[in-house]
Amino acid sequence: MAISAVIFDLWDTLVPLPKTLRERGSRALAAALGAPSEAFATTWSATRIERETGELEPVAARICRDLGLTLSDEAVRDALQTRISIQREAFAAMRPDALATLRMLREMGVRVGLISNCTDESPRVVRESRLAPLLDAAVFSCTEKLMKPDLRLYQRAAQLLDVPPDECLYVGDGSDDELPGAQAAGMTAVLFDPGDTPVQEWGGLRVSALSQLPSLLERRMAPLRGLTIASTSTNPEDSVAAPCNEAGRPETHLG
């Protein structure tokens, strides 16, 4: 089956979000709220699903109340701006081959999408980033009120891209069982394994650099497993197993 669209995960795939940056963001938010750092981090972590499938501000306000803090809605809203600053900092250190890879895929006629488990400031940061003009569709858990690996997120992305799921390649670092989710939705799943993300068990396709993806698609008649081909990466050690390509371009949907 030809591949007509490539759908990417955001955090730790297109944009690294290292533990040190996440922890600094947590401390900065706790300080902005006047909350004890460790107690805040523990309570914040326990609300991940709620935070990433709805609005962030009410969850943050409730956490403050649970910690005995009395803050106005405006004060909570202002404190949450620290998260936007942290995410912008992460975007400033985007994968060095991300933009070039997305441009190349579009030049090949391949549609480009995004699916992210994220809180509700992330869509804004994506829209103002250099990624935005290179995306044909973006699906966010906070707006869809669903998280990967829910099949409906993948189906929604395919719908926005106007491409059947079995013509979609999904690329991610493997967190949140996103790769089995993509497979269950009928997509071809590829593990992105750059060496700086947690090790994932995966028996399917994998790449170590985003720049390997165009070569993977160019060999559309090659079997999906067991074939090693040259990478477009400048690293001679980079290689990749292969599927395919094709197609038009729909209206951009960035949520």
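If you look at the Cα atoms of segment 19-90, you get an Rg and a Dmax of 11.2, 31 Å. In terms of surrounding Cβ atoms within a 10 Å radius of their Cβ, ILE7, ILE63 rank from fewest to most as ILE63, ILE7.
Note on the chain: dipole from Cβ charges, positive end direction compared against ALA2, LEU210, PRO36; the farthest Cα belongs to LEU210. Dipole of the chain computed with +1 at Lys/Arg Cβ and -1 at Asp/Glu Cβ about the Cα centre; of VAL15, ALA61, ASN117, farthest Cα towards the positive end is VAL15.
In terms of surrounding Cβ atoms within a 10 Å radius of their Cβ, ILE49, ILE3 rank from fewest to most as ILE49, ILE3.
Quick one: order GLU218, GLU167 by neighbouring beta-carbon count within 10 Å, fewest to most. Before the final figure, lay out the partial values.
Numbers: GLU218 17, GLU167 22.
Fewest to most other Cβ atoms nearby, the residues stand as GLU218, GLU167.
The HN-Hα couplings worked out from phi for segment 45-61 by the Karplus form 6.51 cos²θ - 1.76 cosθ + 1.60 (θ = phi - 60°) are 4, 5, 9, 4, 4, 5, 5, 9, 10, x, 7, 7, 4, x, 5, 4, 5 Hz, whole numbers, x standing for Gly and Pro.
Antiparallel as a % of all DSSP beta bridges within the chain, to the nearest 5?
10
About its Cα centre, the chain has a charge dipole of approximately 220 debye under the convention of +1 per Lys or Arg Cβ and -1 per Asp or Glu Cβ, with nothing else charged.
Against the set (1) 27; (2) 31; (3) 52, the structure's computed percent of Cα pairs over 29 Å apart falls on (2). Farthest toward the dipole's positive end in segment 19-90, which of GLN87, THR70, ILE49, given Cβ charges of +1 (Lys, Arg) and -1 (Asp, Glu) about the Cα centre? Value computed over the given set: GLN87.
Each reported figure results from applying straightforward, stated rules to the coordinates on display, with no laboratory input. These figures come from a predicted structure and were not determined experimentally. Methodologically, a virtual Cβ is constructed for each residue, glycine included, from the backbone with ideal geometry; neighbour enumeration extends over all protein chains shown.
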